[in-house]
Amino acid sequence: MIVVTGATGKLGGLVVEDLLGRVPASEVAVVARALGKAAGYFDRGVDVRQGDYEDPGSLRIAFEGADVLLFVSSPDTTPGTRPRQHKNVVDAAVDAGVGRIVYTSAINAQNAPGFLADHTVTEKLLTASGVPHTFLRNTFYQETVLNPGLKAVVDAGVLRAADGGRPVNFASIADLALGASATLTGDGHAGAVYELRGPLWTFADLADVLTSVSGRPVSYEAGEGEQGSAFLHDLVASGFFAEPSGDLEKLIGRPPAGLRAGVEKALGA
Ligand SMILES: NC(=O)c1ccc[n+]([C@@H]2O[C@H](COP(=O)([O-])OP(=O)(O)OC[C@H]3O[C@@H](n4cnc5c(N)ncnc54)[C@H](OP(=O)(O)O)[C@@H]3O)[C@@H](O)[C@H]2O)c1
């Protein structure tokens with residue numbers, strides 16, 4: 001049995017869709033804190049279980065019979081919340097006898113800044129748990145930057161970014177979900193740490209692709225920009241996203257979607 005948390009969210013939802021194309025629905029269970037939100041899965045023959053990261057007892061029951069558990073990290077980045085919630089998840093998985101835990105970690109989790117340090121804490125909890133595990137060190141979703149907000153950038157004709165000219169290895173959320181799904185169904189992933197990243201590009205490249213896809217001139221300028229937060233741009237400028245990795249391509253069996261595909265989707269081209 002594959003048990004998936006976060007299935008009512010973006011990443012987990014895409015993972016379940018892919019899983020249902022690989023294994024019978026009877027071998028998949030989803031965990032939702034509000035059962036009503038997961039009713040569509042029930043209609044498709046998927047076991048729907050109630051579980052809240054704040055409620056250890058609910059998790060212990062929800063993880064029953066899990067050969068493998070997809071543990072989607074909590075979206076609540078309030079300081080102290082994820083370490084508490086994630087300890088609940090890991091403890092419940094130990095109690096329930098989960099066979100393997102696949103955790104959606106983050107890029108550079110071995111030594112991460114800010115709210116990303118919650119992943120450092122969680123990787124340590126998982127390592128100490130003794131349960132076989134797989135770390136998916138997901139880079140940032142490219143949709144954080146490649147989204148319909150780019151239409152305003154095209155209208156303005158200028159893309160500003162305080163990126164220091166450093167490249168990013170963002171990946172599409174769909175490809176990261178396929179990578180996760182591959183590690184839930186395949187063999188040989190216990191103990192693996194996957195650095196899941198897409199092809200490198202710079203914000204100057206983005207301006208060029210915006211020009212090419214829209215047919216309207218967009219120039220790149222160094223400076224504070226609207227596409228992505230100041231935190232994100234600081235990370236980019238520090239080289240946080242500058243290293244490539246082939247792990248995602250290996251897991252999904254093709255090159256991850258790159259800049260042009262992301263821009264075409266964002267602009268609806
Ligand atoms: N790599 C990146 O760029 C990036 C970007 C954003 C987030 N993330 C991280 O990756 C995770 C998955 O991303 P996503 O885009 O799928 O996020 P999302 O759409 O916000 O989904 C989060 C999921 O977590 C569930 N959840 C929240 N609090 C919970 C709780 N107390 N107990 C049980 N489940 C709970 C949500 O359930 P409900 O439907 O009930 O709310 C939802 O299913 C995020 O949670 C965050 O940790 C990564």
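The values are calculated or read from the model by the stated rules, or taken from the named source; none is laboratory data. Keep in mind it's a predicted model, so treat the numbers as computed, not measured. Neighbour counts run over all protein chains shown; Cβ positions are idealised from the backbone, glycine included.
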Which one of these is touching a strand residue (DSSP E or B) at 6+ places or on another chain (Cβ under 6 Å) and near the ligand (Cβ under 9 Å from one of its atoms): VAL72, VAL102, VAL68, VAL98? VAL72
Considering only the range 1-26, how many residues are of a type in the set (S, T, N, Q) and more than 10 Å from the ligand (Cβ to nearest atom)? 1
Picking from GLY164, GLY239, GLY268, GLY179, the residue that is touching a residue at least 60 places away in the same chain (Cβ under 8 Å) and buried (at least 16 other Cβ atoms within 10 Å of the Cβ) would be GLY179
For ALA93, the lone unmet condition from (1) surrounded by 23 or more Cβ atoms within 10 Å (Cβ to Cβ); (2) more than 10 Å from the ligand (Cβ to nearest atom); (3) over 21 Å from the mean Cα position of the chain (by Cα) is (3)
Yes or no: the range 122-129 includes at least one residue that is crowded, with 16+ Cβ neighbours inside 10 Å and within 17 Å of the chain's Cα centre (by Cα). yes
Taking the range 130-169 as the search range and keeping residues that are small (Gly, Ala, Ser), out of contact with any helix residue (DSSP H, G or I) (no Cβ under 6 Å at 6 or more places or on another chain) and under 19 Å from ALA207 (Cβ atoms), which one is farthest from the ligand (Cβ to nearest atom)? GLY157
From (1) more than 8 Å from the ligand (Cβ to nearest atom); (2) part of a loop (DSSP other than H, G, I, E, B), pick out the condition that doesn't hold for ALA29. (2)
Among the residues in the range 52-59, are any modelled with pLDDT of 95 or more, among the polar types (S, T, N, Q) and assigned to a loop (DSSP other than H, G, I, E, B)? no
Where the second residue is assigned to a loop (DSSP other than H, G, I, E, B) and aromatic (Phe, Trp, Tyr) and the first is more than 12 Å from GLU54 (Cα to Cα) and lies in the range 76-93, which pairs have Cβ atoms under 7 Å and are six or more apart or on separate chains? ALA93/PHE63
Mind checking which residues of the range 106-141 are farther than 18 Å from GLN85 by Cβ and out of contact with any strand residue (DSSP E or B) (no Cβ under 8 Å at 6 or more places or on another chain)? GLN110, ASN111, PRO113, GLY130
